[in-house]
Amino acid sequence: MGCESCAGAVRGKSDASNYRKSSAETITVALVGNPNVGKSVIFNQLTGAHQIIGNWPGKTVGLLSGKLIFEGHDLDIIDLPGTYSISSDIGEEREVREFLLGRKPDLIINVVDSTSLERNLALTIELLMLGIPIVVCLNQIDRAEKQGLVIDSDNLEEELGVPVVPSSGLRGIGITDLLKIGLTSLGSDEEKIERRYHTPRIASQLDSVKEMLPRNAGYPSYWLAERLLVGDTEIEDNIYSATPAIRNAISEIRSALEREMEDGISSILLSDRFAVAATIASRASQYSGKQEVTKEEKLHNLLTHRVFGLLILMGLSISVFYALFTFGDFFATMMIDASESFRPDFIGRFGDPDFGEFIWSGLIGGTVSVLSIALPYLIPFFILLAVLEDTGYIARVAFIMDSILHRIGLHGKAFIPMILGYSCNVPACMGCRIMETDRERLLSIFAVTLVPCAATSIVIFGLVGTYVGFVWVVALYAFNLALIALLTRLAYSVLPGDPAGLIMEMPPLRRPSLEVVLKQSWHRVKDFIYIAIPLLIIVGLFLASLQYLDLLDYISDGMSPVTVTWLGLPAVTGIVLISGILRKELTLLLLGTVALTSDLGEFMTDVQMIVFSLVVMLYIPCVATVGALVKEIGLKRATAITLFEIGFAILVGGVAFRILSGVM
C-alpha cells in the first residue's frame, strides 16, 4: 500500500496513545484543510451550526467548536483555520500545528478540494506523519465531475493508506459516511500508524535521523525527524537538551542533502512533498473528454481584467450604494411618518406630557428607531454582502486592487478584511491574520478600523441619506476612502518595509446559495437585534431619565467646548457620541431620545448631520473592536490607534464644519 516510487508508506507504531474510546467519552474531531476547501460548510453540516461561510481564502480565524451526538458518541467538532502546511512557525500554520500536537485530537477529517487534488495532498502528506487517525474528505466532488475530472477514491485510498470519502458539503453528500468511517477507524490498529511519503533519497535520510531519536521524545517520530532535519529551533531546544550528541550528526545529514541538491533544506523537503503529491494525484485522477475554456474561466478573466475588472467594480459599488439608499430611504421614510403620526396619541394617554415623553423616548422611541432607521438599511446591506461573498467575487476584487493598494503600502489581500469591515470591524481585524508579516498585519488592522462598519453605515444612510441626500452619502464614503489611503500611506512611512507580492488562493466562481445567503444575513442581523435593541433601551432609559430630571444639560455643558464650539453640533450630542462607544448605531438611534422627535430634520441642520456622521465614521471604534485590537496587536498599539482616531475625528469634524458652513 502506498506510493512505491516515493518509498511507500513506511509504517511504524505511533507515539500516540490508543484511540479506542467508550461511548461515554467525548471524541475530539479536528477539521483540517487548505483555505477555501469547504471546511466551514462541512462544519455546519456536521454540527448544525451557522458559522459564516465565506467564499474567500483565510476566512476561518481562530478555533470554532461545535457539539454533535452521533450513534451514541459525544463528538466535539473543531474547525481549524485553513492552512497549506503545519511546518511553519507563524500564523495559522502555527495555530493548527499547536492544536494537533498539543490537544492530540482523536480524529482528523482532512478536507480536500477535489478540483485541486495535487496541492491539497501536500498537506495530507504532512498530516499522515502525525500518527493520528485520519479520514480524507474528498470535498466538492460534484464540481470536479463538472470539470471533467474523474477521481478514483478507492485508488486514492490505497495510495494514502487511509479512508477516503467523496463528498459535497453544499449538497450534504457523504457527511454521514465521514463520521461512520471515522469512528470505525478509531478502534483500528491500522489507523494508528505513522506514515511517511517521500522520494527514496529523502526517505533514507529521514530514516537515518529517526534512528537517532529517543524513543519517548513526545512527538510523532517521522514528523520530528523532518523538523530536526529542517532545523526547527523550537523543536531543537526540546530535543537536543536531552540528547545533545545527535545535533552534529543531523547537521551533517542536512548539509550533505543541501550540497547534493544545491538548495536549502526547507525548499528540498517542500519540493519533495509536492512531487509525491503530484505522483499520487496523477495515479488517482484523470480528465475525461476535451478540455475547453469554461464559462467560469471566461467570467474570471473578465472580472480580473486590469481595465474592465475595475470598471465592473466601480459600477457594482455605485449600484450597491444606490440600491441601499433607495430601498432604505423608502421604508425609513414610511416608518418614520407612521411612528410620528402615532406618537401624539401615545403621549396623550399618560396625562402628564413630560412623563409620556419619557416613556416614549426611553422605551418606544428606540425600538421605533431600529425598525424605521436601522433595519431598512441593515438588512439589504447584509444580503448584498452575503451574495458577493458566496459568489467568490471578493477574492477577485482583492486581486485587481493589489496594484492600487501597493501604492499606499498595503498588500492586495488586505482588501478582503477591509470589505469585511463594512459589515463589522471585529471579524475584519481578526481576518487580518491572513497577512504574511507583522508589519502588513498592523497596517491592515489600522486601515480596517477606519472602515465604516454596518453600524456606522446606519448613521450615514439614516441621517445623511434620509435628510441631506444620496450625493452626500457617496461623498462621505469617497472622503473616507481618501483618508484611509492618506493615513495608511503615512503609517507605511512610519513602519518601513515593502509589501509582499500577491500569492492568494482564488476560489471558484459560483451561483450564490439562497440558503447560505439567508443564513449569513440572519446570523449578522440577529446580533444587531439581540444585542443592540436591549442595549438601546437601557441606554435610552438612562438618557431619558437624565433629561426628565433636568440633569442632561450639566453633562452637555461640560462637553460643549468640543461639541458646540469646535464641531458646531447641538450640545446634547456629546453624551450621544460617548454612548456610541458601546455600539456605533446607538449614536443615531439615541438622537431621537435627546431630540424628543423622530424627525431629526427638525433637530439638526444639514451641515450638522454631515459633521456628526463624519465624526462617528472616524472616531474610536466600538468597545468590541477595541477588544479585538488588544487581542490582535497588544494593548500598547491598540491604545495608540484608539487615541489617534479620537483626536483625528475631532480635528477633521471641526475643519469640515467650518468649510461646509461656508459653502452650504
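What do you reckon, is ILE268 touching a residue at least 60 places away in the same chain (Cβ under 8 Å), surrounded by 14 or more Cβ atoms within 10 Å (Cβ to Cβ), among the β-branched types (Val, Ile, Thr) and in a helix (DSSP H, G or I)? Don't jump to the end; show me each part of the working.
On the way: touching a residue at least 60 places away in the same chain (Cβ under 8 Å): yes; surrounded by 14 or more Cβ atoms within 10 Å (Cβ to Cβ): yes; among the β-branched types (Val, Ile, Thr): yes; in a helix (DSSP H, G or I): yes.
Here the answer is yes, as ILE268 does meet what is asked.
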Worksheet, complete the sentence: Among residues of the range 150-181 being on the phi < 0 side of the Ramachandran plot and in a loop (DSSP other than H, G, I, E, B), the residue surrounded by the most Cβ atoms within 10 Å (Cβ to Cβ) is SER167
Discussion item. Here is a check on your reading of the model: is LEU31 surrounded by 21 or more Cβ atoms within 10 Å (Cβ to Cβ), within 27 Å of HIS523 (Cβ to Cβ) and at pLDDT 85 or above?
Written reply: yes
Worksheet item: Since ILE312 meets every condition but one in (1) at pLDDT 90 or above; (2) under 29 Å from the mean Cα position of the chain (by Cα); (3) surrounded by fewer than 16 Cβ atoms within 10 Å (Cβ to Cβ), which condition does it not meet?
Response: (3)
Worksheet entry | Among (1) without any contact (Cβ under 8 Å) to a residue 24 or more places away in the chain; (2) farther than 18 Å from ILE484 by Cβ; (3) in contact with a helix residue (DSSP H, G or I) (Cβ under 8 Å, 6 or more places away or on another chain) - the single one ASP438 does not satisfy | (3)
Discussion item. Taking the criterion of being more than 35 Å from the chain's Cα centre (by Cα) and surrounded by 21 or more Cβ atoms within 10 Å (Cβ to Cβ), would at least one residue in the range 623-634 satisfy it?
Written reply: no
Item to complete: Name the one entry in GLY654, GLY647 that is more than 19 Å from SER423 (Cα to Cα), small (Gly, Ala, Ser) and free of Cβ contacts under 8 Å to residues at least 24 places away in the same chain.
Response: GLY647
Response to the item:
Within the range 357-381, of all residues that are modelled with pLDDT of 75 or more and surrounded by fewer than 20 Cβ atoms within 10 Å (Cβ to Cβ), the one nearest to PHE321 (Cα to Cα) is PRO380
Worksheet item: For the range 510-537, which residues satisfy the criterion of being of a type outside the set (D, E, K, R) and at pLDDT below 75?
Response: PHE528, ILE529, TYR530, ILE531, ALA532, ILE533, PRO534, LEU535, LEU536, ILE537
Worksheet, complete the sentence: Among residues of the range 444-490 being of a type in the set (Phe, Trp, Tyr) and in contact with a Gly (Cβ under 7 Å, 6 or more places away or on another chain), the residue nearest to THR605 (Cα to Cα) is TYR467
Worksheet item: Picking from VAL611, VAL652, VAL576, VAL562, which residue would you name as being modelled with pLDDT of 80 or more, in contact with a helix residue (DSSP H, G or I) (Cβ under 9 Å, 6 or more places away or on another chain), under 30 Å from MET435 (Cβ atoms) and among the aliphatic types (A, V, I, L, M)?
Response: VAL652
Worksheet item: Tell me, which residue of the range 166-200 that is of a type in the set (Val, Ile, Thr) and closer than 20 Å to LEU130 by Cα is modelled with the lowest pLDDT?
Response: ILE193
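Would you point out the residue of the range 472-485, among those that are of a type in the set (A, V, I, L, M, F, W, C) and in contact (Cβ under 8 Å) with a residue 12 or more places away in the chain, that is nearest to ILE318 (Cα to Cα)? Quick ask: steps written out before the conclusion?
Taking the range 472-485 as the starting set, the residues that turn out to be of a type in the set (A, V, I, L, M, F, W, C) are 472-476, 478-479, 481-485.
Remaining after also requiring in contact (Cβ under 8 Å) with a residue 12 or more places away in the chain: 472-474, 476, 479, 483-485.
Working: TRP472: 13, VAL473: 11, VAL474: 9, LEU476: 13, PHE479: 15, LEU483: 19, ILE484: 19, ALA485: 19 Å.
Residue satisfying both the conditions and the ranking: VAL474.
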Discussion item. If I go through the range 399-450 residue by residue, how many of them are assigned to a loop (DSSP other than H, G, I, E, B) and either farther than 24 Å from THR304 by Cα or polar (S, T, N, Q) (or both)?
Written reply: 4
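Return a yes/no flag: does the range 250-264 have any residue that is farther than 29 Å from LEU384 by Cβ, touching a Ser or Thr at 6+ places or on another chain (Cβ under 8 Å) and surrounded by 12 or more Cβ atoms within 10 Å (Cβ to Cβ).
Looking only at the range 250-264, we keep the residues that are farther than 29 Å from LEU384 by Cβ, and these are 250-264.
Checking which are touching a Ser or Thr at 6+ places or on another chain (Cβ under 8 Å) leaves us with 253, 263.
Narrowing further to those that are surrounded by 12 or more Cβ atoms within 10 Å (Cβ to Cβ): 253, 263.
Yes: the range 250-264 contains one or more residues that are farther than 29 Å from LEU384 by Cβ, touching a Ser or Thr at 6+ places or on another chain (Cβ under 8 Å) and surrounded by 12 or more Cβ atoms within 10 Å (Cβ to Cβ).
Among the candidates ALA217, ALA203, ALA225, single out the residue that is buried (at least 21 other Cβ atoms within 10 Å of the Cβ), within 20 Å of SER87 (Cα to Cα) and either over 33 Å from the mean Cα position of the chain (by Cα) or not assigned by TED's automatic domain parsing to the domain that holds ILE69 (or both). Don't jump to the end; show me each part of the working.
Details: ALA217 fails: buried (at least 21 other Cβ atoms within 10 Å of the Cβ); ALA203 fails: buried (at least 21 other Cβ atoms within 10 Å of the Cβ).
Among ALA217, ALA203, ALA225, only ALA225 is buried (at least 21 other Cβ atoms within 10 Å of the Cβ), within 20 Å of SER87 (Cα to Cα) and either over 33 Å from the mean Cα position of the chain (by Cα) or not assigned by TED's automatic domain parsing to the domain that holds ILE69 (or both).
Only residues that are assigned to a loop (DSSP other than H, G, I, E, B) and touching a residue at least 12 places away in the same chain (Cβ under 8 Å): list them for the range 229-261, please. Give the steps one after another, and end with the answer.
Pass one, the range 229-261, residues assigned to a loop (DSSP other than H, G, I, E, B): 231-232, 241-245.
Across the range 229-261, the qualifying residues are GLY231, ASP232, ALA242, THR243.
The values are calculated or read from the model by the stated rules, or taken from the named source; none is laboratory data. As the structure is a prediction and not an experimental result, all values here were calculated from the model. We place every Cβ from the backbone using ideal geometry, glycine too, and count neighbours over all the protein chains shown.
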